[in-house]
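Quick note: the coordinates plus some simple rules give every number you see, no bench work behind them. If you're wondering where the values come from, they're calculated on a predicted model, not measured in any experiment. Cβ: placed from backbone, ideal geometry, glycine included. Neighbour counts: every protein chain shown.
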Amino acid sequence: MKRTLGHLALVAAAVLVPGIAGAQHAYVGVKACGMCHKSEAKGQQLAIWEKSKHAGAFTTLTTDKANEIAKSKGITKPAAEAPECLACHAIKGGPDAADPKQGVQCESCHGAGADYKAMGVMKVKDNAVKAGLTAFADNAAIEAMCKTCHNAKSPTAKPFNFEERWKVIAHKKPAA
């Protein structure tokens with residue numbers, strides 16, 4: 001259930017404000033992202049997420065099965081409270097973190113959104129990236145992010161075929 005060191009580097013890069021050592025962006029939650037990413041023009045990205053297993057990732061931790069798995073790994077807390085489980089099943093980021101019950105949501109991959117969520121910032125991709133948006137250069141970068149959780153360290157790991165799984169969750173903005 002633990003994320004790899006590569007993921008920690010991606011998260012660190014996503015939350016540090018450029019030019020301000022130690023400053024962090026705040027999480028805003030899926031509702032703030034979804035306001036703009038639910039239209040046809042935006043590829044109905046919110047609807048894709050809502051139908052995905054990522055949206056229910058936290059909920060899976062509330063089951064008896066999840067608690068049994070956690071216990072078998074020596075975790076004494078319920079899975080829904082265990083940092084080892086939450087690392088891949090929810091947003092974590094300190095006191096300003098988004099509600100973990102939202103599961104694996106937009107900011108899990110794209111970084112805490114408070115400073116890039118404004119339409120004026122998002123209209124210019126470079127500005128959004130400077131404000132904390134993690135944008136992926138290509139599918140290899142997306143796959144690397146996915147594999148920070150979908151890997152052999154997960155106690156319920158299954159073979160991960162990125163091409164197959166990406167078809168289910170891909171949420172690219174349609175060409176203008």
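For the pairs 130/167; 31/158; 73/147; 65/173; 65/153; 38/123, flag any whose C-alpha to C-alpha distance is greater than 26 Å.
Those over the limit are 130/167; 31/158; 65/173.
Sort the stretch 24-135 into rounded, prolate or oblate with this rule: let a ≥ b ≥ c be the square roots of the eigenvalues of the Cα gyration tensor; rounded if a/c is under 1.5, and if a/c is not under 1.5, prolate when a/b is larger than b/c, oblate otherwise.
Here the stretch 24-135 falls in the prolate category.
Return the long-range amide H neighbours of residue 25 (sequence gap of 5 or more, or a different chain), with a cut-off of under 5 Å between placed amide H atoms.
Correct list: 17.
Less than 12 Å Cβ to Cβ from residue 66, Lys/Arg counted +1 and Asp/Glu -1: what total charge do the surrounding residues give?
Overall, the nearby charge balance is 0.
Tell me which residues come under 5 Å, amide H to amide H, from residue 134 once H is placed; ignore anything under 5 positions away on its chain.
Residues meeting the criterion, in which the H sits 1.01 Å from N, are 111.
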